[in-house]
Amino acid sequence: GMDNPKQLLSTAKNPELALFESLKDENLEKVKVCFEAVNRPVDRPFEDPAIPEETRAAKITPLMMACFFGNTPIVNYLISHKKANPLIASADGKNALSFCLLGDHTNHLPIFRLVLEQKLNNSHNNQLLSRVDEHGFTPLE
């Protein structure tokens with residue numbers, strides 16, 4: 001249903017948890033509110049103790065989460081407006097494209113397009129597509 005203002009105000013209590021939940025709920029408007037409420041660096045991994053331990057240990061960024069869930073509008077917001085960097089790697093060496101491919105969704109192509117179109121020069125694109133994770137695989141393997 002509709003979010004009441006009180007729920008949105010609760011982001012003030014723990015903005016990190018609010019952002020994490022908004023990404024999980026794939027709620028673009030709430031994601032925007034969370035970023036506007038606090039001047040959070042877009043590429044900082046989740047570190048708050050309220051965030052699940054496995055997420056913190058994996059050094060997951062908001063862009064990785066949005067890519068995993070396959071939410072094209074949120075990925076677009078993070079990349080185009082917040083200038084999120086898709087080259088950043090998680091603790092085990094996965095970048096945004098790897099997370100996109102791991103996700104059980106059908107938006108792989110639009111998200112790849114968004115990421116690769118991001119004024120990244122070709123060497124960046126090569127890094128994105130050739131980066132090897134801990135198992136020795138690149139995103140396209």
So which residues in the range 51-68 are open to solvent by 40 Å² or more (accessible area, probe 1.4 Å), in a helix (DSSP H, G or I) and closer than 20 Å to residue 15 by Cα?
53, 54, 56, 57
In the range 19-34, which residues are open to solvent by 20 Å² or more (accessible area, probe 1.4 Å) and in a helix (DSSP H, G or I)?
21, 24, 28, 29, 30, 32, 33
Number of the condition not met by residue 98 [criteria: (1) assigned to a helix (DSSP H, G or I); (2) open to solvent by 30 Å² or more (accessible area, probe 1.4 Å); (3) touching a Pro at 6+ places or on another chain (Cβ under 9 Å)]
(2)
Residue 40 vs (1) over 23 Å from residue 132 (Cβ atoms); (2) modelled with pLDDT of 95 or more: all pass except (2)
Filter pass, residue 37 being within 14 Å of residue 16 (Cβ to Cβ) and open to solvent by 50 Å² or more (accessible area, probe 1.4 Å):
yes
Within the range 72-95, which residues are open to solvent by less than 30 Å² (accessible area, probe 1.4 Å) and of a type in the set (S, T, N, Q)?
90, 95
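The values are calculated or read from the model by the stated rules, or taken from the named source; none is laboratory data. Since the structure is predicted, the reported quantities are computational estimates derived from the model, not experimental observations. Positions of Cβ are backbone-derived with ideal geometry, glycine not excepted, and every protein chain shown enters the neighbour counts. For accessibility, only protein heavy atoms count, side chains too; no ligands or nucleic acids. Shrake-Rupley method; radii C 1.70, N 1.55, O 1.52, S 1.80 Å.
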